[in-house]
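So the structure is just underneath, and the comments pick up after that.
The values are calculated or read from the model by the stated rules, or taken from the named source; none is laboratory data. All of these numbers come straight from a predicted model, not from anything done at the bench. A quick note on method: Cβ atoms are made from the backbone with ideal geometry, for glycine too, and the neighbour counts reach across all protein chains shown.
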Amino acid sequence: MARTRFLNMKVFIDHREIKVDTTPEKMFNAVKNMGGWFTIETIGENQILVRLKMKTPGQGWVEWKKGRASNYLAQTVFFTPRGLAGFLFWYLLYPFFAVVFNRWLKNIAHNSVVK
């Protein structure tokens, strides 16, 4: 399930969930192993928030946490655009981002499955 919305004319949000049997520890390890394109901001009991280090006309964050039920992993991407360039960046590249965001979620779910 994917959902994109525009909140208060200041933040773009993309939210996705996937059914997966995982623990927060395995999920966090899978996130940490994804590479150096982000800085970890906070880690909670069932949630991790990272700030993206990409050079963009805006700022991005990604939150991963347990979803609506204990066997769901939720991913929410937040992007705050700066000026017209930020809005165009999001709108024009969103089809590409949607593929990337989906791949992130599936990779984390796959790499954190309890075996």
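What are the residues in the stretch 10-63 that are more than 22 Å from L84 (Cα to Cα) and part of a loop (DSSP other than H, G, I, E, B), if any? Once the filter is applied, which keeps residues that are more than 22 Å from L84 (Cα to Cα) and part of a loop (DSSP other than H, G, I, E, B), the stretch 10-63 yields V20, D21, T23, N33, M34, G35, G36, W37, G44, E45, N46. Taking the criterion of being within 22 Å of V113 (Cβ to Cβ) and at pLDDT 85 or above, the residues of the stretch 50-71 that qualify are V50, V62, E63, W64, K65. Go through the residues of the stretch 86-94 one by one and say whether even a single one is more than 16 Å from the chain's Cα centre (by Cα), of a type in the set (G, A, S) and modelled with pLDDT of 85 or more. Scanning the stretch 86-94, I find at least one residue that is more than 16 Å from the chain's Cα centre (by Cα), of a type in the set (G, A, S) and modelled with pLDDT of 85 or more, so the answer is yes.
Show the residue pairs meeting these rules: Cβ distance below 8 Å; 6+ apart or different chains; first residue within the stretch 72-91 and without any contact (Cβ under 8 Å) to a residue 24 or more places away in the chain; second residue crowded, with 21+ Cβ neighbours inside 10 Å. If the second residue must be crowded, with 21+ Cβ neighbours inside 10 Å, the pairs left are F87/P81.
Scanning the stretch 44-71 for residues that are among the aliphatic types (A, V, I, L, M) and touching a residue at least 40 places away in the same chain (Cβ under 8 Å) yields a count of 1. Consider the stretch 1-31 and keep the residues that are under 19 Å from A109 (Cβ atoms), exposed (fewer than 14 other Cβ atoms within 10 Å of the Cβ) and of a type in the set (K, R). The one that is modelled with the lowest pLDDT is R3.
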